[in-house]
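Below you'll find the structure, written out as structure tokens, and then a few comments.
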Amino acid sequence: MLFHTLRNVLAVGILFSPVASASASPDLDVSNIDNYFLNRFPTLSLNDFVNGAYALNNDLAAQFKSISEFSPIEIYIEQGKTLYETPFPNGKYYKDCLRNGGIGIAQFYPYFDGKDGKVKSLSYEINQCRIRNSAPEYAFSDQELLAILAYLTATSAGKKVTVTIPDDPRALQAYEEGKRYYYSRRGKLNLSCSHCHVQYAGRKFRGNVLSPALGQATHWPVYHTSAGILGSLHGRYQGCIQAMGEEPPKDLQSDLYNNLEYFHATMSNGIVMPGPVTRN
């Protein structure tokens, strides 16, 4: 049974492989992954996938409801709002650095900056704002930075993910590099991100239900009840790579992580963002 299931999954999953879809457009990739997961989990709507593994059965859904009710995520959002609205020593604000004052823009990130020729995350933009205003740069796992990000992400709750690939070969190259990394095997376990989150999504691994790739990039930062702290998407990439048995890049804002997020977030285009959430 497992062999036949895997064979069927691979038959569909080949649509996403770097080799088979090398000439596919990002729009076609999004359509393929949407159709794949909606066919595989026919009781779910597109927006249900923001809940990851918690959307896959009633017991997990009840667990998600329970941990969300007692989560301090709102405290972090309020903390982030206070930090965001506190002026720098020179009198400038974060809002002076970001379009629309930073409010309701998280759904557009990451984006490709044609001027600098690279993918930029919202965390990166927050730090660059600090540098321009002579404030010390945050480490990308810093809880204050993640609290600010939680606040800004909360202002985009209810908006659809809208990551764009501009008509620039460098942007498409960055997207393809992220996609190639997502589907490439690595580490001592010889696994790729797609093995867990495309082929085996919904199955158990080491006691955990593997979440679908669709919707994974919509709700960060996440408050982890097990650790009692906020976690970033790039930190999750780092942990996954390590779990595969490979030494992950230590720089959470490396081009590798940014390009991986560029592809990963694009796959959730059209899904409504819930704001920052809670996970075990």
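The values are calculated or read from the model by the stated rules, or taken from the named source; none is laboratory data. All values reported here derive from a predicted model rather than from experimental measurement. Heads up, the Cβs are rebuilt from the backbone with ideal geometry, glycines too, and the neighbour counts pull from every protein chain shown. Keep in mind that these areas ignore ligands, DNA and RNA; they rest on the heavy atoms of the full protein, side chains included. Shrake-Rupley method; radii C 1.70, N 1.55, O 1.52, S 1.80 Å.
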Distance in nm between ALA227 and GLN63 label points, each 7 Å along Cα→Cβ, equals 1.8
Could you give the spread of the C-alpha atoms of the stretch 137-254 along their three principal axes, from largest to smallest, in whole angstroms? 42, 37, 30
What is the helix-to-structure angle for 233-243, meaning the angle in degrees between its Cα long axis and the longest Cα principal axis of the chain, kept from 0 to 90 and rounded to the nearest 10? 40
Among GLY187, ALA154, PHE108, whose Cα sits farthest toward the positive end of the charge dipole of the chain (+1 at Cβ of Lys/Arg, -1 at Cβ of Asp/Glu, about the Cα centre)? GLY187
For LEU191, what residues show an amide H to amide H distance below 5 Å, using hydrogens built from the backbone and excluding near sequence neighbours? ARG186
Expressed as a whole percentage, what fraction of the accessible surface of the chain belongs to carbon and sulfur atoms when a 1.4 Å probe is rolled over the protein heavy atoms? 54
Provide the per residue accessible area, probe 1.4 Å, for the chain, rounded to a whole number of square angstrom. 48
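Mean residue ellipticity at 222 nm from the helices of the chain, using -39,500 (n - 2.57) per DSSP H segment of n ≥ 4 over the full residue count, to the nearest 500 deg cm²/dmol?
On the way: 9 runs with 112 residues, N = 280.
Helix-only estimate at 222 nm: -12500 deg cm²/dmol.
Over the chain, what is the mean sequence separation of C-alpha contacts under 8 Å (at least six apart), divided by residue count, expressed as relative contact order in percent? Could the numbers behind the result be given before it?
Working: 452 pairs, mean separation 72.1, N = 280.
Relative contact order for the chain comes out at 26 percent.
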Could you give each residue of the stretch 115-131 its phi-based ³J(HN,Hα) in whole Hz, using Karplus coefficients 6.51, -1.76, 1.60 with θ = phi - 60°, and x for Gly or Pro? 5, 8, x, 8, 7, 10, 9, 5, 4, 4, 5, 4, 5, 4, 5, 4, 4
Which whole-number percent of Cα pairs in the chain have a distance greater than 25 Å? 46
Of all lysine pairs in the stretch 128-232 that are eight or more residues apart or on different chains, those with Cα atoms under 25 Å apart total 5
